[in-house]
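What follows is a single structure, written as C-alpha cells, with notes after it.
Read-outs throughout are calculated quantities, based only on the coordinates presented, and are distinct from any laboratory measurement. Because the structure is predicted, anything quoted here is derived from the model rather than measured. Here Cβ is always computed from backbone atoms with ideal geometry, including for glycine, and neighbour counts include all displayed protein chains.
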Amino acid sequence: MRKPPTRQSPAPAEKFELRRRELAEVTLQTLAELGYARTSLREIAQNSEYSHGVLHYYFKDKLDLISCSVREYKTRCANRYDGIVANARDADALVEGFLAVLAETLRNEAPMHSLWYDLRAQALFEGSFRDDVIEIDRLLQDMVWRLVTRLAAFAGRPPRLSPVAAYALIDGLFQKYLLLHIAGDATAGDSLACQLRLLLPEL
C-alpha cells in the first residue's frame, strides 16, 4: 500500500519570511496607535508578547518592521475587494458592494489607514523605505483599476481616466473622510459613500 505523500517542511528562508509576516501582523495595532515618529522596536516589544531581541533578529530596524507590517495590512485590504469585483452581477451591485466595504474599513480600521498615510508622508523625506511605499501604492492602484475596468465593462465603454488618475481621486476622497472620521464626524463613512457613488460612474 502506497503511503500518502508527506508534507515537506518549509525551507529555512521561507520559515524566516513567514515569521517576519507573523510578527509584522501582531505588531500592527501598536504601530497604528503610536504612529511612525513615536515607534521604535523597543516600544513595540513593550506592547507585545515578543522581546526586543526577537524583533531585532527578524527586522533590522523599525523602518523594516513598519514597511513589512503596512505591506501585510494593505495587501489584505486590496485583496478583500477582489471577490466583489469578480462576482458583481451589474454596475450597481459592484458600486454598492465596494462602497459598503470601504465605509466599513474607514470606521473600523482608521488607525491602520492613518499609519499608512503617515508612512507615505514620511517617504517624501526618508528614502530608506520609499521603494516599499511605492510598491504598496501600486498595489492599491491596481485594486482600484480592477474596479474601474469592471465598471467600464458593464457600461460598454473604456475608462475615461488613467489608472493613476482614478486611484488618486478615490484615494484622495478616502483620506479626506478618514480625517473627518478621526476628528469625530460620525457621518464620514456615509458621506464618503455618497461622494463615490457620484464619482465612480464618471470614471
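Per-structure values
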quantity	calculated
Residue that is farthest from the chain's Cα centre (by Cα) [pool: residues in the range 139-164 that are surrounded by fewer than 14 Cβ atoms within 10 Å (Cβ to Cβ) and farther than 18 Å from L94 by Cβ]	S162
Matching residues, the range 113-130, being closer than 15 Å to D61 by Cβ and not in a helix (DSSP H, G or I)	E126
Among residues of the range 85-111, those that are of a type in the set (V, I, T) and crowded, with 20+ Cβ neighbours inside 10 Å, counted	1
Qualifying residue in the range 58-70 (condition: of a type outside the set (D, E), closer than 30 Å to V95 by Cβ and in contact with a helix residue (DSSP H, G or I) (Cβ under 8 Å, 6 or more places away or on another chain))	yes
Which listed residue, of R89, R146, R150, R130, is among the basic types (K, R), closer than 30 Å to R38 by Cα and out of contact with any Gly (no Cβ under 8 Å at 6 or more places or on another chain)	R130
Residue that is out of contact with any Leu (no Cβ under 9 Å at 6 or more places or on another chain) and of a type outside the set (D, E, K, R), where the choices are S67, S51, S128	S51
Subset of the range 62-105 that is outside any helix (DSSP H, G or I) and either under 28 Å from I182 (Cβ atoms) or among the small types (G, A, S) (or both) - its residue that is farthest from the chain's Cα centre (by Cα)	A88
Leading residue by the ranking (surrounded by the most Cβ atoms within 10 Å (Cβ to Cβ)) among those in the range 112-132 that are of a type outside the set (G, A, S) and farther than 20 Å from V26 by Cα	F129
Tabulated pairs, the range 145-162, first of a type outside the set (K, R), second loosely packed, with under 14 Cβ neighbours inside 10 Å, C-beta under 7 angstrom, 6+ apart or interchain	A152/P158; F154/D90
Where a residue in the range 87-110 is at negative phi and its partner, wherever it lies, is outside any helix (DSSP H, G or I) and surrounded by fewer than 16 Cβ atoms within 10 Å (Cβ to Cβ), with Cβ under 7 Å and at least six apart	V101/R80
Filter result (closer than 18 Å to L115 by Cα, loosely packed, with under 12 Cβ neighbours inside 10 Å and among the hydrophobic types (A, V, I, L, M, F, W, C)) within the range 165-203	A183
G83 vs. criteria farther than 25 Å from E17 by Cα and out of contact with any helix residue (DSSP H, G or I) (no Cβ under 7 Å at 6 or more places or on another chain)	yes
Test: residue in the range 169-185 that is outside any helix (DSSP H, G or I) and either touching a Phe, Trp or Tyr at 6+ places or on another chain (Cβ under 9 Å) or of a type in the set (S, T, N, Q) (or both)	yes
